[in-house]
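The structure appears right after this line, and notes come after that.
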């Protein structure tokens, strides 16, 4: 029997990785990672202004390098690679001209941040998101936010586009259309067909662009024109139909086949978001919450249509038919900062290293010391007793994604004393990100979505037993950790296997290609009750900050 292979290409916030997978059993034959050069240099970003932009050259270079290298190193025949699927962060839209070329690839926009990809965690569009939410409730017609949790976020498609259009007339005039990152990379691989016929991602459109089949696609012209007439003009150059990631977007173009060492018989599946393909790679099933745990989190669960029906789950990041498993409704929530909370603390306490010791140490030595600090902090924090009198923190250092998006919110820490140490604060921050996770679980369950088990994937799930055990105690649920080091890329490879006709549907691909689980963290009964008491204080602190502190300044 002929061996058949597929490639999953996973674009993260800092890097892109490709995995080459045996479609018969899910075995990974090779993996390659490329770190974004311009992003690493801090170009086009202004963290103080919540502006995070990425140049598509970082992604194009990474795509070519990782796929060509993984194919070369695996040594498989070019014609044995049958499919590719791309997953990316999102919502991460980018403006393109009529030919579908990203504006920042043109000389006149090569250094203009507004012509680049607006990364998922860019929060420059808070004002525009507020306008969308206010209009959705007051205009007298359909509430186009209702299938996206009822609150539109500054992290999402329309808010970001409206902000850029108001801020930069040149970009506004040059942008024939806007595409999500997952769509742009897919579009490039298949040879840049007509934008009007290109298959856009159901996942991206449904969760971030207010697309829903019940109102015929994107929001009505009457609604968009009340925000800005420009959005109505733009809509005519977007799409009405969307497609799930088990479908074929097209075949690899000759140009890219030559670059990658593959053939034009290789199909390219419709793109998707990393959290959703990650859930597939983690063998998601009904009543199981998959937590993609990295710099932020995305929380994914699937529900059959007869269970969820037309019910709208309030305060989440959307519910979309087919966004995870075609034929089932995919529901998404998440935290704007998870690992980022701890990274902030690492940078805070490392200030002397960056500012006082640079003349004695190399950049590599400084980074090594920082990592040692975090490792030791984690070790000592884990040994400190769990106590309701210890510091309590909020995890909103990058605003709150869910439940009930509010990117104006800021974090806080209370119960500090002269006896508070760095490990105490570190433990409080770990507990805070776990309490934020429980708020999401509580919301799903209060809205009738049953959760019986939790699966963790991503860097945090694989590397920090302290965080995972704390999370199991806070949720009072067992948490399984997926074996795969690259669950989103594996899930993308599963979609590719279906698009290529190797497996009949996504559930069959999951069954054949799943890698299983390596460890389960069980709740520790002696700590579950204590954490329940601390969680109540976390909720009180959150209510106080949200209701009494003006965070818009």
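In the chain, helical runs assigned H by DSSP with n ≥ 4 each contribute -39500 (n - 2.57); averaged across all residues and rounded to the nearest 500, the mean residue ellipticity at 222 nm is -12000 deg cm²/dmol. The spacing between region 447-483 and region 169-235, judged by their C-alpha centroids, is 35 Å. Report D for region 318-422 in µm² per second (integer): Stokes-Einstein, Kirkwood Rh on Cα pairs, 25 °C, 0.890 mPa s. The diffusion coefficient I find is 144 µm²/s. All C-alpha pair distances within region 127-169, sorted into 10 Å bins from zero, spread as 30, 51, 17, 1 percent across the bins. How big is D, in µm² s⁻¹, for region 101-227 by Stokes-Einstein at 4 °C and 1.567 mPa s if Rh is the Kirkwood radius over C-alpha pairs? Answer, rounded: 83 µm²/s. Here region 447-553 is treated as an ellipsoid with the same Cα gyration tensor; its semi-axes, largest first and in whole Å, are 35, 20, 13. Among the listed options [x] 325; [y] 151; [z] 182, the one matching volume of the Cα convex hull per residue in Å³ as calculated from these coordinates is [y]. Computed over all pairs of different Cα atoms, the Kirkwood value for the hydrodynamic radius of region 461-520 is 13.0 Å.
In terms of the mean number of neighbouring beta-carbon atoms within 10 Å, the peptides 36-43, 341-348 order highest first as 341-348, 36-43.
Each Cα pair under 8 Å and six or more residues apart adds its sequence gap; the mean of these over the residue count of region 256-311 is a relative contact order of 24 percent. Our summary of shape: the Cα atoms of region 219-280 have principal axis extents of 49, 30, 16 Å, ordered from largest down, in whole angstrom.
Sorted on the mean count of surrounding Cβ atoms within 10 Å across their residues, most packed first, peptides 481-487, 183-189, 89-95, 443-449 read 89-95, 183-189, 481-487, 443-449.
Relative contact order of region 14-126: 28 percent, from C-alpha pairs under 8 Å at least 6 residues apart in sequence. The equivalent ellipsoid of region 146-206 has semi-axes of 22, 19, 8 Å, largest first, where each one is the square root of 5 times an eigenvalue of the Cα gyration tensor.
Dividing the mean sequence gap of close Cα pairs (under 8 Å, 6+ apart) by how many residues the chain holds gives a relative contact order of 17 percent.
Every read-out reported here was derived from the displayed coordinates using simple, explicitly stated rules and does not represent laboratory data. Predicted model only: the values in this text are computed from it and were never measured. Backbone-built Cβ (ideal geometry, glycine too); neighbour counts: all protein chains shown.
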